[in-house]
Structure formats: structure tokens, C-alpha cells
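Participant: Below is the structure I would like to discuss, written out as C-alpha cells.
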Amino acid sequence: MSPTSSIPDATAPIAITQGDSAGIGPEIIAKAFAGSAQHLQGCFVVGELQTLRRATALVAHVCGGEQGIAQPIAVIDKPRDAWSVPPGTIPLLALPDLPGPQPYGEVSALAGEAAARCVTWSAQAALRGEIAALVTAPLHKEALSLAGVKFPGHTELLQAEAAAHAGVPLAEMPVRMMLANDELRTVLVSIHVSLREAIAAVTQPQVLQTLRITHAALSRHLGRAPRIGVAGLNPHAGEGGLFGEEEIAIIAPAIAQAGAEGMDVHGPFAPDTIFMRARNAPGHPGEFDVVLAMYHDQGLIPVKYLGVEKGVNVTLGLPLVRTSPDHGTAFDIAGRGVADADSLVEAVRMARSLAL
């Protein structure tokens, strides 16, 4: 998301990509349309017909459905046709020559190819202003790699599409990942890299850039400057240099520069307590609107602990709105009909609010 988003019309439909067909993505999409149709009005699926039919049949068989009958699917020609599809029917924009459903729970190059093509089409539609936002069902990183996709996940793939659309190098389209639920938001300095690389990524320019992206994105969403709390990298935030110098030499100067630019930023604080301080719960208003975490697991574990079913992944810094559930493909339960669609529904709600 960016203050300079090219999306001109928040009433435009929202695209939901099918995700990896061997995982739970199509299933949770079918469940979301079956159980939360009022929240998915104006949404449509980008994917493949037989993949979605298998998912609706699974939901009808395992979960009962309406007398065990699978939900109808309406194939649409263009995004705005989603608004004319009657309630109870799933709008599908079927991409041509897309690989069909793959065996549940198996890593597949064909499933990776299909998932990537759905994301690419949706990103381009968003950049053209044809959709208000995209919500991405989970894909599998190994399947992407087998399909020859050179990007490790949604975030990097979307970044590349946005940069190509703008005609700029990737470095000029910096993005960050935010995971959010009703109680806590966290934004990450680095995303899908090894822990050793994540530590090396904690530089003053990287931290400052993350603060700028977070401030711009949440200012637009909240209508005011967000209160940003910054986690340290080391235990006890370095304890004055006893456990590491990064807080003194890197993080604190970035915070000072952000403050000089008018941002409401505080820290660095001990990473084992800052998330508790930021948590917004009944009787406990959070001290911060968002926590800046230094690496992937530092920030994601606290949010996911509060409930995977309510978490939403948001990509910040893009000239489009993208959200997703905060869980993966769940190959271990794929095809059993037990996957929970709540996070996907929350992702749609978040996308709609961000697109306003």
C-alpha cells in the first residue's frame, strides 16, 4: 500500500487468488464464500475452474453445505462482472491454459506455476486500476521454485511487478511486510532471509526506510501519524552495549532521524516486552499502533500466538493494496475439509478498509 496508489476507485472489485491448488487455499476460499458471503460481495476468484470445483465439492461433502450441494460458480469475463453475480455463487475469472488441480499435500511445479500466474495477473490488474485490492491465498515457496519463479514469495513477486510497471529498479520499490490482527501490528525490517542475513540487514538506512514506509502507510490508514515502537535486535535491547552495539550504533540513530522527520517513534525497547506493551486488548490500550521488528520471527511469533485465524499479512510500500491470511498452504490438512477460513475473511475486510 502506498499514499500514491494508482487505485482510483475503492468500489472496484477485490481479486482473491486461488493459491497453491495442492494446499488449503481453494478450500478456504470456498468456505469464505459459503459462510461469509456478505463480507465477500464484490470479490471474485482468480484461478482455474476445476480447482475451484474440487474445493466446493469438498466443502459440500465434508462440511455439509446446503443439503450437501456444492456452491455454484459463475465464470466472469472481467472484474466488474463480480458485482452482478447473485449471492451464493462464487465469481471466477478463469485464466486461460492454467494448470488444473494437483494432488493434495504434494509439492508441484504445476501448482506453483498456477499460483504465480494468478498473482501476476492480479497485480497487473491492480496496477491498471481494474481492482481495488488483491487478497492472496497461500502459495508454496518450494513449488514456486520448481516452477522456475525466481522470487521466494508473494511479497517479492508483487514488488517485481510493481517495479516493472513503474519502470524502476527493484531497489526503488522498497516494500515491507506487516502482520496485523485486532490486538497487534508488527512491521519487519527484513523478510524471507536466513537469520544470519537478517542480522546483517539491520543497518541504519534499512531501519529508517522501514520507519518511513510504516509511517506513510499507517498515516493514510489511521488518518493520523502512527505511534511506532521499535524493538531492539539483541536481548534487553543490548543492555547499554553489554549484549551488542546495534541498538546504540544503528537503531537509535535511525529513530532519531525519523523523529527529526516528524514521525512519532520510540525505542529501541527490549524485544521480549515491547509486544506486550503494544498489545491493544480490553482494559489494556496499547502504547503503540505498531511495532517495528528487526527480523521475521521476532515480529511474527507474537502476532501469530494471539491467533492465526485472525491475523492478516499486509504488504506495505506498493502502489496497490495486498493482503493475505497469515498462514501457509497447510499441506498436512489439505483435502480434509478442516481448514479455517477466518483469516481469509479478515484479509478481505482489511483489504477493503485499506482501499478506501
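Participant: How many of the residues in the stretch 7-50 are within 29 Å of residue 221 (Cα to Cα) and assigned to a loop (DSSP other than H, G, I, E, B)?
Facilitator: Count: 16.
Participant: The conditions are (1) of a type outside the set (Gly, Ala, Ser); (2) modelled with pLDDT of 95 or more; (3) not in a loop (DSSP other than H, G, I, E, B), and residue 77 fails exactly one of them. Which is it?
Facilitator: Only one criterion in (1) of a type outside the set (Gly, Ala, Ser); (2) modelled with pLDDT of 95 or more; (3) not in a loop (DSSP other than H, G, I, E, B) is unmet by residue 77, namely (3).
Participant: If you don't mind, there's one more thing I want to ask. Any idea which residue in the stretch 297-356 is farthest from the chain's Cα centre (by Cα), counting only those that are closer than 19 Å to residue 185 by Cβ and hydroxyl-bearing (Ser, Thr, Tyr)?
Facilitator: Start the filter on the stretch 297-356 by keeping residues that are closer than 19 Å to residue 185 by Cβ, which leaves 297-318, 321-327, 342-356.
Those left that are additionally hydroxyl-bearing (Ser, Thr, Tyr): 305, 315, 323-324, 343, 353.
Details: 305: 17, 315: 6, 323: 4, 324: 4, 343: 11, 353: 14 Å.
So the residue we want is 305.
Participant: Does the stretch 244-253 include one or more residues that are open to solvent by less than 20 Å² (accessible area, probe 1.4 Å), touching a residue at least 24 places away in the same chain (Cβ under 8 Å) and touching a helix residue (DSSP H, G or I) at 6+ places or on another chain (Cβ under 7 Å)?
Facilitator: Yes: the stretch 244-253 contains one or more residues that are open to solvent by less than 20 Å² (accessible area, probe 1.4 Å), touching a residue at least 24 places away in the same chain (Cβ under 8 Å) and touching a helix residue (DSSP H, G or I) at 6+ places or on another chain (Cβ under 7 Å).
Participant: So, one more: Spot the failing condition for residue 221; the list is (1) open to solvent by less than 10 Å² (accessible area, probe 1.4 Å); (2) more than 12 Å from residue 317 (Cβ to Cβ), and only one is missed.
Facilitator: (1)
Participant: To continue, here is another question. Tell me the residue from 183, 161, 197 that is open to solvent by 70 Å² or more (accessible area, probe 1.4 Å) and acidic (Asp, Glu), please.
Facilitator: Working: 183 fails: open to solvent by 70 Å² or more (accessible area, probe 1.4 Å); 161 fails: open to solvent by 70 Å² or more (accessible area, probe 1.4 Å).
That would be 197, the only listed residue that is open to solvent by 70 Å² or more (accessible area, probe 1.4 Å) and acidic (Asp, Glu).
Participant: Yes or no: residue 149 within 23 Å of residue 30 (Cβ to Cβ) and not small (Gly, Ala, Ser)?
Facilitator: Values: within 23 Å of residue 30 (Cβ to Cβ): no; not small (Gly, Ala, Ser): yes.
When the stated conditions are applied, residue 149 does not pass them.
Participant: For residue 100, only one of the following conditions fails: (1) small (Gly, Ala, Ser); (2) assigned to a helix (DSSP H, G or I); (3) in contact with a Ser or Thr (Cβ under 9 Å, 6 or more places away or on another chain). What is its number?
Facilitator: Only one criterion is unmet by residue 100, namely (2).
The values are calculated or read from the model by the stated rules, or taken from the named source; none is laboratory data. None of the values given here were measured: they were computed from a predicted structure. Every residue, glycine as well, gets a Cβ built from its backbone with ideal geometry; the counts of neighbours run over all protein chains shown. Note: accessible area is taken over every heavy atom of the protein model, side chains too, but ligands, DNA and RNA are not part of it. Shrake-Rupley method; radii C 1.70, N 1.55, O 1.52, S 1.80 Å.
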